[in-house]
Amino acid sequence: MTAMMPAQNSLTSMRSQKLALILMFASGFASLGYQIVWTQQAALWLGHEAAAVLAVVAAFFAGLGVGALLLGERISRSANAARWYAGCEIAIGVWSLALSVLLAPVTAALLDLIGPQPSPLRHWALAFCGTFMLLLPATAPMGATLPAMQRLVARLHRQGSSVAALYAGNTFGAVVGVLAAAFVLVPQWGLSRTAGLCAALNLLCAVATLALMRGPADPLMKLDATRAPLPRASASLWLLAATGLLGIGFEVVVVRVLAQVAQDTVYTFALLLAAYLLGSAMGAAAYARWPSGGADRRSDALLRALALTCLSGMLVLSRAPGLQAAVQSVLGAGMAQALLAEAALAAAAFLPATFVMGALFSHLSTLAISRSIPLGRVLGANTLGAALAPLLFGVWLIPAIGTRTSLALLAAGYLLLSTRAAWKAPAQYLSAAAVIGASWLVPSLAIVDVPENGRIVRYAEGVMAAVSVVEDGDGVATLHIDNRQQEGSSATVFADARQALLPLLLHPQPRRALFLGLGTGVTAAAAAQDPGLAVDAVELLPEVIAASALFREQLAGAGANPRLHLLAGDARRYVRTTPQHYDLIVADNFHPARSGSGSLYTVEHFAAVRERLAPGGLFCQWLPLHQLDLDTLRSIVRSFLAVYPDGSAMLATNSLITPAIGLVGRRDAARFKPSEVRDRIAGANLLHAPAEFGLPDEVAVLGSFTAGPQALARFAGDAALNTDDHPVVAYRAPRITYVAASSPADRLLAFSQAVALAPGDVLDSSTDPAFAARIAAYWLARDRYLVAGRKVTPVADPRQMIEQVGGPLLAVLRTSADFRPAYDPLLQMAAMLAAVDVASARTLLMQLKAVAPDRPEAAQLLERMASSAGD
């Protein structure tokens, strides 16, 4: 019987080990599920997902460090480690559930503290400190779970693999938690329910621990915990803190660089985080199986390997666009293939370095414990060092010295952490030479796509993004954020100005206007031409404000306009915290798939905008249909109608390439009076008359409408509402970003065919019936014009172009002679045709006179042609 006892104890130990790994896996799953949820929730009040990532990562690690330091040593001396572990899991779950109730009032208070226009110091101080305090009741007990579980499986510690195995299990769970939350749970369930599932996992871990892992304390472990630390303890803790700082610094820098290559969606961030964690887990798992020995030499070897793998990551990043394109070409088209290409790029950049990081943390932890340093101090030192990285690298170093130099400093930092003995080896000096050489020879990591014969006009690396202005060979300048998101160009002044003038002319007497999002600044600058209008324009990125001056000069000249106030701040936060009310609010056509932009299309944001409207105020939300699929559009429309049930839709232009739809709502739900629009146009004292932008009269302005409230409601159907808690747009919009299943023209025509419009939907009941019939004919002509434009193939010869579009455009004009977008191109083609075929040009001009007798241009051109022929 006694001979069987060791075997039985061994079997029990193995079962405990497996259960411990399962529990750590589940706890890691929940923790990173929370991080995904909390990052998105923080973005709602911080304004940008990049800012939220920095704040949540810092708060996460700081909380872990506080919990490990405050509770770790008490746990290591406790005879009830199971109760400690269960208590920590319960605390995590309970606070996460409490956040679902407390988050709204707490973040509202934080918004009030930050204010509409905080200084950078105030903004980042409150962002980091507020997020830290908000999450601390959950993150502190998270920091104590590893010491508690390690205490529970103390026998594994004596085998030298306790920390590495548990850390690996926890981190593998974190990888699965990140991917499950981003790709399944949040898209299907929303943020609160996802957090609820994670809380249930925490509580399940607590119950399982109390039921299955209760047992007597290990006396050997208790003795280890009370033994006096060795003299080298302090150096070990400083080394752990420094490696934590450098490790998360590496994550921050690589994520910033890859944001300029990948699509920068919610899925991109999840893949990058998963790749980082996967490498760490693999390194820890590998270390758990390595034989012990040569502690300092192994530390030096791992630090040297980390320096070199940081350099390999730098090389990957410098070739990132080509690598991603090569992988994509092999995988083919499709969203899944595009995501796999992003995952492959993330793996190439992260895995080599993070594999070594996982092994190094495991080694330093094991070494510190062997020197009688409690695991709580070990973990606390490492995570507190990591908590400094988002602030140091994200807020300070990257804007100050750039990403390439930051990575070179990281590699150098690992080498400098080596012992003196390491510098006696040639390999150390070769590694140092490689770091110095790479910092000079590796190409810049400021990744900007420059067209052939083009040039970079401006580039600025900010805290949250890199902003560039690129000019092509024809001199057309475009504004980009992180190399992917185009904010407009010098060739779109016409369309950008119309996005200001259309809503501006619809309001009978605006005195104050707010523009959410600046882009090139042309839209806000066009509105600020009105001498009776004060314009506030809120832009999140100061670098965009600086770059917009290059584009605003095209419209308004180089001088500053005192009526245009450019404000650096977050649009959501500004709307919620400013005491000002506005007659007109215009929201830019934010790319819905990009970081944080989906939150600008939620029910809660639309409601906050409504609160900022003055009596009779008007809100126009522009939507980039060339960046939206119809299902996502339906969700946005339904969310808009939830706040503005009498809302309508209009087209910024008749472009089939970059169509933009404006959702229009009024605080008082009033309809529009043609006489007021006519008076607004007549009284407009602008540098550029509305007619220069195709808005000569009330017919052209009101003719831009394309759908009324009933038609929009039918179009939206039962589409999911986009809310702060269930951000369906952020998760649905990337589909068309990764692979476009249809063209913008197809989507515009599908939308136009799915909606309808009657004069009573947008015009006041006092409108003259003759004008109502006239505007209805205009809308019909516009729809026919769009259909005709879909069939056009551009050709240089005016005769061939006339053969294609002459008949359809004349038919459009027969529907409505007011429809200038059909008249003007025919007039231009007639002028071109006169140089090669006078008879055909004359025939076309006579037809134009017949279908639009009130327009003088055709007759005037005929007279000039006759005069030229007489000469």
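The values are calculated or read from the model by the stated rules, or taken from the named source; none is laboratory data. None of the values given here were measured: they were computed from a predicted structure. Note: ideal-geometry Cβ built from the backbone for every residue, glycine included; neighbour counts use all protein chains shown. Only protein heavy atoms, including side chains, enter the accessible area calculation; ligands, DNA and RNA are left aside. Shrake-Rupley method; radii C 1.70, N 1.55, O 1.52, S 1.80 Å.
Key figures for this structure:
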read-out	value
Area of Phe819 that stays accessible when all protein chains are in place (1.4 Å probe, Å², to 10)	0
In order through the stretch 441-458: 3J(HN,Hα) via Karplus (6.51 cos²θ - 1.76 cosθ + 1.60), integer Hz, x for Gly, Pro	8, 5, x, 4, 8, 7, 8, 9, 7, 10, x, 4, 6, x, 7, 8, 7, 7
Among Thr171, Leu212, Ala346 - extreme Cα towards positive end, dipole of the chain, charges at beta-carbon	Leu212
Cα centre as origin, Lys/Arg/Asp/Glu Cβ charges: the stretch 607-742 dipole, Debye	120
Alpha carbon centroid spacing (whole Å) that separates the stretch 757-796 from the stretch 431-447	60
Rounded to 5, the percent of DSSP beta bridges in the chain classed as antiparallel	60
HN-Hα J in Hz across the stretch 525-534 - Karplus 6.51, -1.76, 1.60, θ = phi - 60°, x for Gly and Pro	5, 5, 5, 5, 5, 5, x, x, 10, 9
Cβ charges +1 (Lys, Arg) and -1 (Asp, Glu), total dipole of the stretch 698-851, debye	500
Packing-based order for 421-432, 625-636, using average beta carbon neighbours within 10 Å, highest first	625-636, 421-432
Tilt relative to the chain, helix 798-815 - C-alpha long axis, 0 to 90 degrees, to 10	80
For Gly662, distant residues with modelled amide H under 5 Å away	Leu623, Met650, Leu651, Ala652
P(r), alpha carbons of the stretch 822-868 - 10 Å bins starting at zero, rounded %	31, 62, 8
Residue-count net charge about Ala200 - beta-carbon cut-off 13 Å; Lys, Arg +1, Asp, Glu -1	0
Cβ-based charge dipole, the chain, positive-most Cα from Pro390, Ala199, Leu702	Ala199
Solvent-accessible surface (1.4 angstrom probe) belonging to Phe361, in square angstrom, nearest 10	20
Ranked order, Glu73, Glu553 - accessible area, probe 1.4 Å, largest first	Glu553, Glu73
Within-10-Å neighbourhood charge of Glu676 [Cβ basis; K, R +1; D, E -1]	0
Whether the stretch 713-766 is rounded, prolate or oblate, judged on the alpha carbon gyration tensor where a/c under 1.5 counts as rounded	oblate
Per residue, in Å², the accessible surface of the stretch 653-746 once ligands and nucleic acids are set aside, probe 1.4 Å	38
Hydrodynamic radius by Kirkwood, which averages 1/r over all alpha carbon pairs of the stretch 575-635, in angstrom	12.5
Charge dipole magnitude, Cβ of K and R +1, D and E -1 - the chain, Cα centre, debye nearest 20	3460
Under 5 Å, built H, 5+ apart or other chain: amide partners of Gly617	Arg667, Asp668
Kirkwood-based Rg to Rh ratio, the stretch 22-64, C-alpha trace	1.06
Surface share of carbon and sulfur [accessible, 1.4 angstrom probe, percent] for the stretch 526-583	55
Mean separation of Cα contacts under 8 Å (6+ apart) over length of the chain, as relative contact order %	12
Note, ³J(HN,Hα) from phi for the stretch 169-176, Karplus 6.51, -1.76, 1.60, rounded to Hz, x at Gly and Pro	x, 5, 6, 4, x, 4, 4, 5
Accessible area in the full protein assembly, largest first, 1.4 Å probe, for Met650, Met832	Met832, Met650
Rel. contact order, % - alpha carbon contacts under 8 angstrom, at least six apart, the stretch 607-687	36
Heavy-atom SASA rank of Phe590, Phe640, Phe25 (probe 1.4 Å, accessible area, largest first)	Phe25, Phe590, Phe640
The chain: calculated mean residue ellipticity at 222 nm from DSSP helix runs of at least 4, using -39500 (n - 2.57)	-21500 deg cm²/dmol
The stretch 397-480: GluC sites (Glu not before Pro) falling in loop per DSSP and having at most 14 other Cβ within 10 Å	Glu452
Heavy-atom accessible surface of the stretch 119-214: percent carbon and sulfur, 1.4 Å	68
Charge sum, other residues only, whose C-beta stays under 11 Å from Val538's C-beta, Lys/Arg counted +1 and Asp/Glu -1	-2
Cα long-axis angle, helix 820-833 against the chain (0 to 90 degrees, to the nearest 10)	70
Qualifying trypsin sites (Lys or Arg not before Pro) for the stretch 62-154 [loop in DSSP, other Cβ within 10 Å: at most 11]	none
Burial ranking of peptide ranges 509-519, 681-691 (average Cβ count within 10 Å, highest at the top)	509-519, 681-691
Whole-angstrom gap from the stretch 83-137 to the stretch 565-640, using each part's C-alpha centre	25
Gyration tensor (Cα) of the stretch 565-694, equivalent ellipsoid semi-axes in angstrom	24, 20, 16
Å² of accessible area per residue within the stretch 318-403, as computed with a 1.4 Å probe and no ligands counted	33
With all protein chains modelled, accessible area of Tyr574 [1.4 Å, Å²]	20
Built amide H within the under 5 Å cut-off of Val457, gap 5+	Val469, Val470, Glu471
Signed unit charges on C-beta, dipole axis of the chain, positive-most listed residue Pro856, Ala500, Leu410	Leu410
